[in-house]
1. Which count do you get for residues in segment 8-59 that are among the hydrophobic types (A, V, I, L, M, F, W, C), open to solvent by 10 Å² or more (accessible area, probe 1.4 Å), farther than 18 Å from Gly76 by Cβ and touching a strand residue (DSSP E or B) at 6+ places or on another chain (Cβ under 9 Å)?
2. What pairs can you find where one residue is in segment 69-92 and touching a residue at least 24 places away in the same chain (Cβ under 8 Å), the other is among the hydroxyl-bearing types (Ser, Thr, Tyr) and part of a loop (DSSP other than H, G, I, E, B), and their Cβ atoms are less than 7 Å apart, with a gap of 6+ or different chains?
3. Got a sec? Which of Ala233, Ala227 is under 17 Å from Ser22 (Cβ atoms) and part of a helix (DSSP H, G or I)?
4. Under the condition of being in a loop (DSSP other than H, G, I, E, B) and open to solvent by 30 Å² or more (accessible area, probe 1.4 Å), which residue from segment 240-250 is nearest to Ala201 (Cα to Cα)?
5. I'd like the full set of residues that are in contact with a Cys (Cβ under 7 Å, 6 or more places away or on another chain) and farther than 18 Å from Ala31 by Cα, limited to segment 68-111.
6. Can you tell which of Thr168, Thr223 is surrounded by fewer than 16 Cβ atoms within 10 Å (Cβ to Cβ), of a type in the set (Ser, Thr, Tyr) and in contact with a Gly (Cβ under 9 Å, 6 or more places away or on another chain)?
7. Which members of segment 97-119 meet the condition of being exposed (fewer than 13 other Cβ atoms within 10 Å of the Cβ), touching a residue at least 12 places away in the same chain (Cβ under 8 Å) and out of contact with any helix residue (DSSP H, G or I) (no Cβ under 8 Å at 6 or more places or on another chain)?
8. Which condition number does His188 fail, the rest of (1) assigned to a loop (DSSP other than H, G, I, E, B); (2) open to solvent by less than 40 Å² (accessible area, probe 1.4 Å) being met?
Amino acid sequence: MPLALTVLGTASPHPAPGRPSSGYLLRGGGAEVWVDAGFGTFAELQRHTDPARLTAIWISHLHADHSADLLAAVYGLAYGGLAPPAPIPVYAPRACGQRLAGFFGRPDEQFLSGVFDFRPLYDGHTVRHWNLRLTARAVAHDIEAYGLRAECQGRVLAYSGDSGPCETLTELARGADVFLCEADIDRHREGEQVHLTPEDAGATAREARVGELLVTHVGPTLTPEAATGRAAAVFGRPAATAREGTTTIV
């Protein structure tokens, strides 16, 4: 199967009607990976696959609009009849399991061992599932955060997660066929570089020489259409807007 990205949600910082928070289904090389689990994305995931079939879950950072629906997944997988045949690897910042355990009032995540196998991310973390290779790079944010580079049979998808402008993000996206990139804010607050403006997204895509720019995670001070247009103007080429329910073949 070619590398394919299905958009589950794009909203920031909270879900809106018909627009869940950040989440994507990445398929390729025999693997199915849920990338980010923002509010509302577990329901959308079920439109496109059986969650029990997931090869892995990959979480860029632990802000709730990227990770909160892991709770919904616990209820579905552990208690709702969607039990996987083996624990699903969850690649996430180290505190992920402990945070889930805290919601249930448990001292640690061992009670979830039947459904989740937590594996901490770090800068340069690489894992292969069949013919799909996933590489994490630490990016600039206000908590521990990672971008993703996914490679399958010569095709490359890069995903910014939540990131401010940084050289690592450009390296991550270098030569990618598709760059899925946030354009969360209209402008930077003084001294703050934890998200990208549309111009930042376009400049990063241009410098990294990506094939296609797909704009996502647009915040409330912008519209997706305006953000995409501004990003494209700096990119120097047309850009596309990530839309819930759409699939891009990388």
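1. Residues flagged as among the hydrophobic types (A, V, I, L, M, F, W, C), open to solvent by 10 Å² or more (accessible area, probe 1.4 Å), farther than 18 Å from Gly76 by Cβ and touching a strand residue (DSSP E or B) at 6+ places or on another chain (Cβ under 9 Å) within segment 8-59 amount to 0.
2. Pro87/Ser113
3. The match here is Ala227.
4. Checked segment 240-250; the qualifying residue nearest to Ala201 (Cα to Cα) is Arg243.
5. none
6. Being surrounded by fewer than 16 Cβ atoms within 10 Å (Cβ to Cβ), of a type in the set (Ser, Thr, Tyr) and in contact with a Gly (Cβ under 9 Å, 6 or more places away or on another chain) holds for just one of Thr168, Thr223, which is Thr168.
7. Ser113
8. Status for His188: all satisfied but (2).
The values are calculated or read from the model by the stated rules, or taken from the named source; none is laboratory data. In this text, all values refer to a predicted model and were calculated from it rather than measured experimentally. Note that each Cβ is placed from the backbone with ideal geometry, even for glycine, and that neighbours are counted across all protein chains shown. Protein only, heavy atoms only, side chains kept; ligands, DNA and RNA dropped before computing areas. Shrake-Rupley method; radii C 1.70, N 1.55, O 1.52, S 1.80 Å.
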